[in-house]
Amino acid sequence: MDEKFMREAIRLAEKAKKKGEVPIGAVVVYRGKIIGRGFNLRTRLQMATAHAEMRAIDAACRKLRSWRLPEAEIYVTLEPCPMCMGAILNARIDRVFFGAYEQKGRSLTAELAEANLLNHRTEVVGGVLQTECAAVLTSFFTEMREREKKKKGK
């Protein structure tokens, strides 16, 4: 596992943050090279599926001209939600590396990875650069709450 790929995902999360989106970034790596990048654009695009992982997987599939991504890895700053984990399994991605653990909802990441859905299992490694990944999310929500307080105070 190479932390440089998670650092690229963090850079993408910061890009989402600058756009006012929940700061989540993801990269798909194939044979040591990034082939797909994505960051959260759900609010801007008003699309429920515009998660960082989905966008990175879409880019990787276009790059390889295949919906199957065996030998690929995905690095994401936050533990994948069930929708994204389903896409990871559907694309046959071999390994998932995520930074921060989902604190609000139950992600089912481990359960889905082991369920042998779609005749595929994926290895999951959590807590990669966890402090840095969590800090991006924490700062976003702290700043958002401060903005909301100021609006109500006017």
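I'm told ARG37 meets every condition in (1) basic (Lys, Arg); (2) surrounded by fewer than 19 Cβ atoms within 10 Å (Cβ to Cβ); (3) within 24 Å of LYS15 (Cα to Cα) except one. Can you identify the failing condition by its number?
Evaluating ARG37 over (1) basic (Lys, Arg); (2) surrounded by fewer than 19 Cβ atoms within 10 Å (Cβ to Cβ); (3) within 24 Å of LYS15 (Cα to Cα) leaves (2) as the failure.
Scan the range 7-53 for residues that are within 14 Å of the chain's Cα centre (by Cα) and among the hydroxyl-bearing types (Ser, Thr, Tyr) and jot them down.
THR49 - this is the single residue of the range 7-53 that is within 14 Å of the chain's Cα centre (by Cα) and among the hydroxyl-bearing types (Ser, Thr, Tyr).
Please determine, by comparing only the residues of the range 55-70 that are in a loop (DSSP other than H, G, I, E, B) and open to solvent by 10 Å² or more (accessible area, probe 1.4 Å), which one is nearest to VAL128 (Cα to Cα).
Our first condition is that a residue be in a loop (DSSP other than H, G, I, E, B); within the range 55-70, this holds for 65-70.
Those left that are additionally open to solvent by 10 Å² or more (accessible area, probe 1.4 Å): 65-68, 70.
Details: ARG65: 29, SER66: 28, TRP67: 26, ARG68: 25, PRO70: 22 Å.
Filtering first and then ranking leaves PRO70.
Of the conditions (1) assigned to a helix (DSSP H, G or I); (2) in contact with a strand residue (DSSP E or B) (Cβ under 7 Å, 6 or more places away or on another chain); (3) buried (at least 18 other Cβ atoms within 10 Å of the Cβ); (4) not aromatic (Phe, Trp, Tyr), GLU73 satisfies every one except a single condition; which number is it?
Exception for GLU73: condition (1).
So, in the range 85-100, of the ones that are under 15 Å from ALA59 (Cα atoms) and in contact with a strand residue (DSSP E or B) (Cβ under 7 Å, 6 or more places away or on another chain), which residue ends up surrounded by the fewest Cβ atoms within 10 Å (Cβ to Cβ)?
ILE93
Give the range 95-150 a look and list any residue that's among the basic types (Lys, Arg) and either closer than 11 Å to MET85 by Cβ or modelled with pLDDT of 80 or more (or both), or say none.
Step one: list which residues in the range 95-150 are among the basic types (Lys, Arg), which gives 95, 104, 106, 121, 145, 147, 149-150.
Passing the criteria: ARG95, ARG121, ARG145.
Looking only at the range 106-130, filter to residues that are more than 15 Å from TYR75 (Cα to Cα) and of a type in the set (S, T, N, Q); which one of those is least open to solvent (accessible area, probe 1.4 Å)?
SER107
Could you look through the range 40-53, keep only residues that are assigned to a helix (DSSP H, G or I) and either touching a helix residue (DSSP H, G or I) at 6+ places or on another chain (Cβ under 6 Å) or among the hydroxyl-bearing types (Ser, Thr, Tyr) (or both), and pick out the one that is surrounded by the most Cβ atoms within 10 Å (Cβ to Cβ)?
The initial filter retains those residues of the range 40-53 that are assigned to a helix (DSSP H, G or I), namely 42-45, 52-53.
With the extra rule that they be either touching a helix residue (DSSP H, G or I) at 6+ places or on another chain (Cβ under 6 Å) or among the hydroxyl-bearing types (Ser, Thr, Tyr) (or both), the set shrinks to 43, 53.
Numbers: THR43: 13, GLU53: 32.
Going through the qualifying residues, I end up with GLU53.
Looking at (1) polar (S, T, N, Q); (2) more than 16 Å from GLU132 (Cα to Cα); (3) open to solvent by 80 Å² or more (accessible area, probe 1.4 Å), which is the one condition that is false for GLN103?
The one condition GLN103 does not meet is (2).
Exactly one of these conditions fails for LYS104: (1) in a loop (DSSP other than H, G, I, E, B); (2) in contact with a helix residue (DSSP H, G or I) (Cβ under 7 Å, 6 or more places away or on another chain); (3) free of Cβ contacts under 8 Å to residues at least 60 places away in the same chain. Give me its number.
Unmet condition: (2).
In the range 1-34, how many residues are in a strand (DSSP E or B), open to solvent by 20 Å² or more (accessible area, probe 1.4 Å) and aliphatic (A, V, I, L, M)? Walk me through how you get there before you give the answer.
At the first step, the residues of the range 1-34 found to be in a strand (DSSP E or B) are 25-30, 33-34.
Filter once more, so that each one left must be open to solvent by 20 Å² or more (accessible area, probe 1.4 Å): 30, 33-34.
Add one more test, that the residue is aliphatic (A, V, I, L, M), and what stays is 34.
Total satisfying the criteria: 1.
The values are calculated or read from the model by the stated rules, or taken from the named source; none is laboratory data. What you are looking at is a predicted structure, and each value in this text was computed from that prediction instead of being measured. Note: ideal-geometry Cβ built from the backbone for every residue, glycine included; neighbour counts use all protein chains shown. For accessibility, only protein heavy atoms count, side chains too; no ligands or nucleic acids. Shrake-Rupley method; radii C 1.70, N 1.55, O 1.52, S 1.80 Å.
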